[in-house]
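Before any comments, here is the structure.
The values are calculated or read from the model by the stated rules, or taken from the named source; none is laboratory data. What you see is a predicted model, and the numbers here were worked out from it, not measured in a lab. Cβ coordinates were reconstructed from backbone atoms using ideal geometry, including for glycine residues, and neighbour counts include every protein chain displayed.
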2 protein chains.
Amino acid sequence: MDQKISLVENVIKSRLESDVNLIHEMVNHHLNSGGKRIRALLTLGCSNLCKYLNGSRDINLAACVELIHSATLLHDDVIDMSSIRRGKKTANKIWGNQSSILVGDYLLSRCFEIMVEDDDHEILKLLSSTSSEIAQGEVLQLQHKGEVDMLEEIYLKIINSKTAALFAAATKVGAIIANKSKKEKDALESYGKNLGMAFQIADDALDYLSTKNIFGKEIGKDFYEGKTTLPLIIIFQRGNTEERNFLIEIFKKKGKKRR
Amino acid sequence: MDQKISLVENVIKSRLESDVNLIHEMVNHHLNSGGKRIRALLTLGCSNLCKYLNGSRDINLAACVELIHSATLLHDDVIDMSSIRRGKKTANKIWGNQSSILVGDYLLSRCFEIMVEDDDHEILKLLSSTSSEIAQGEVLQLQHKGEVDMLEEIYLKIINSKTAALFAAATKVGAIIANKSKKEKDALESYGKNLGMAFQIADDALDYLSTKNIFGKEIGKDFYEGKTTLPLIIIFQRGNTEERNFLIEIFKKKGKKRR
């Protein structure tokens, strides 16, 4: 799998090549930032599980899935004004928000080019609708920013769209390229979706529980930014009136809507 | 043509439908902002010229071309910190930069969904590569921000990518869906490209020559932002040393690189 992942990175590197210097620099920074490549691994793993053997579609599509994620990260870091990710300075911190917005657009467009070359209608449909699902989840999250009493239902809807949809697509792709039955495709899609939900819930909990060194990101950022996630929702559900009012007051001060 | 354009607007409106309120509001604002829909008109006009008669692919693809443009505009206005466009408040001015970034992503993703449904490999290839060409042009422009002595060659490269490429795609699409020969496709592509270059040069000149009421945007913004366009390049080429130094000094103060 290690060998396959480095092939995915080669695809990303070669397909993002541009004679625009700034793109070149930012792409290199991104590739060297040491992401876990979980989504790409899911596509590779599920392709392998489904016995996809001949060809390099698993590599190319793992690269696509990873690129959709990378494009989202670049924009997310601008939106959240993040300065650190994976223990390193974020692109927006180094090159500014403007560059991150445009290079994010570039990544997404390049990703569509790779998908179009792969030329499978089912996958094109899946990944393009996943991409718009992610954007909707991100907007929904923004719309509810600063809402300390956000419903758990809304939280689940947000993480389903912004995270689980791409995990589900990443796993389903493996079954599609191996020409598996609908039942098998659905099974892998469901596995990816549940894994994605669990992943995001854990990630949101780590924002309260971890340390900067281990997490690679600033701790407590969600709370200070007025981004309501499951830990806060549960605290709010279980709190008494006094505790709730205390949280509401803090959110009023710290989490002013900055749409 | 008026009837066709309103069909294009219907497609855009129905395809951007989302149960996320903020998206709904921003899309409506965008649709009511009274753009000229030049790119959509080019696709419709060229489809008509090539005698594409049966079907609604001209409508759907005109919507795609317009959506690529709209997504770019939303991000451009964040990058340029614009507060007025087409005589109205920009989305980023009303809903903030974060919303504009995310809804721009949403528009682009939805546009890919429509293209995928249209299901024509040649058009998918054309429009996805156009989209990455635009992003590269935008990054190149950013990279050269604050450069008062920018080469005319770089300027032409920038506007070719950020503007002319989409005009060329818009016109070529008409020939593709009407199954015209390569020669005819190339001819319409070339027409679109030249029209796009002329359009951007005129637009850049209007930033120096027009009035806010007629132009619908703030005047002199390029200069004050350190964005070098053809009028400034020519002034610089023709200026004597004293005049050039004067411009360099102003750019140092006003046009600080804000990448």
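Here is how the numbers come out for the structure above:
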{"quantity": "Index of the failed condition, B:M115 passing every other in (1) at pLDDT 95 or above; (2) surrounded by 19 or more Cβ atoms within 10 Å (Cβ to Cβ); (3) over 17 Å from the mean Cα position of the chain (by Cα); (4) facing chain A (nearest Cβ under 7 Å)", "calculated": "(4)"}
{"quantity": "Of the criteria (1) of a type outside the set (D, E); (2) touching a Lys or Arg at 6+ places or on another chain (Cβ under 8 Å); (3) surrounded by 20 or more Cβ atoms within 10 Å (Cβ to Cβ); (4) within 13 Å of chain A (Cβ to nearest Cβ), which one B:A62 fails", "calculated": "(4)"}
{"quantity": "All helices (runs of 4 or more DSSP H) inside the range B:152-259 with 1 or more residues being touching a Gly at 6+ places or on another chain (Cβ under 7 Å)", "calculated": "B:152-159, B:165-177, B:182-209, B:221-225, B:241-254"}
{"quantity": "So B:K145, is it more than 8 Å from chain A (Cβ to nearest Cβ), in a helix (DSSP H, G or I) and either at pLDDT 95 or above or farther than 18 Å from B:E189 by Cα (or both)", "calculated": "no"}
{"quantity": "When residues of the range B:162-199 are limited to those that are touching a Lys or Arg at 6+ places or on another chain (Cβ under 7 Å) and either without any contact (Cβ under 8 Å) to a residue 12 or more places away in the chain or closer than 14 Å to B:I38 by Cβ (or both), the one surrounded by the most Cβ atoms within 10 Å (Cβ to Cβ)", "calculated": "B:A170"}
{"quantity": "Residue in the range B:90-109 that is within 12 Å of chain A (Cβ to nearest Cβ), closer than 28 Å to A:L22 by Cα and not in a helix (DSSP H, G or I) present", "calculated": "yes"}
{"quantity": "Test for A:S33: is it in contact with a strand residue (DSSP E or B) (Cβ under 8 Å, 6 or more places away or on another chain), within 30 Å of B:H144 (Cβ to Cβ) and not in a helix (DSSP H, G or I)", "calculated": "yes"}
{"quantity": "Number of positions in the range A:203-219 that are out of contact with any Ser or Thr (no Cβ under 6 Å at 6 or more places or on another chain) and modelled with pLDDT of 85 or more", "calculated": "6"}
{"quantity": "In the range B:118-134, the residues that are surrounded by fewer than 19 Cβ atoms within 10 Å (Cβ to Cβ), more than 8 Å from chain A (Cβ to nearest Cβ) and part of a helix (DSSP H, G or I)", "calculated": "B:D118, B:E122"}
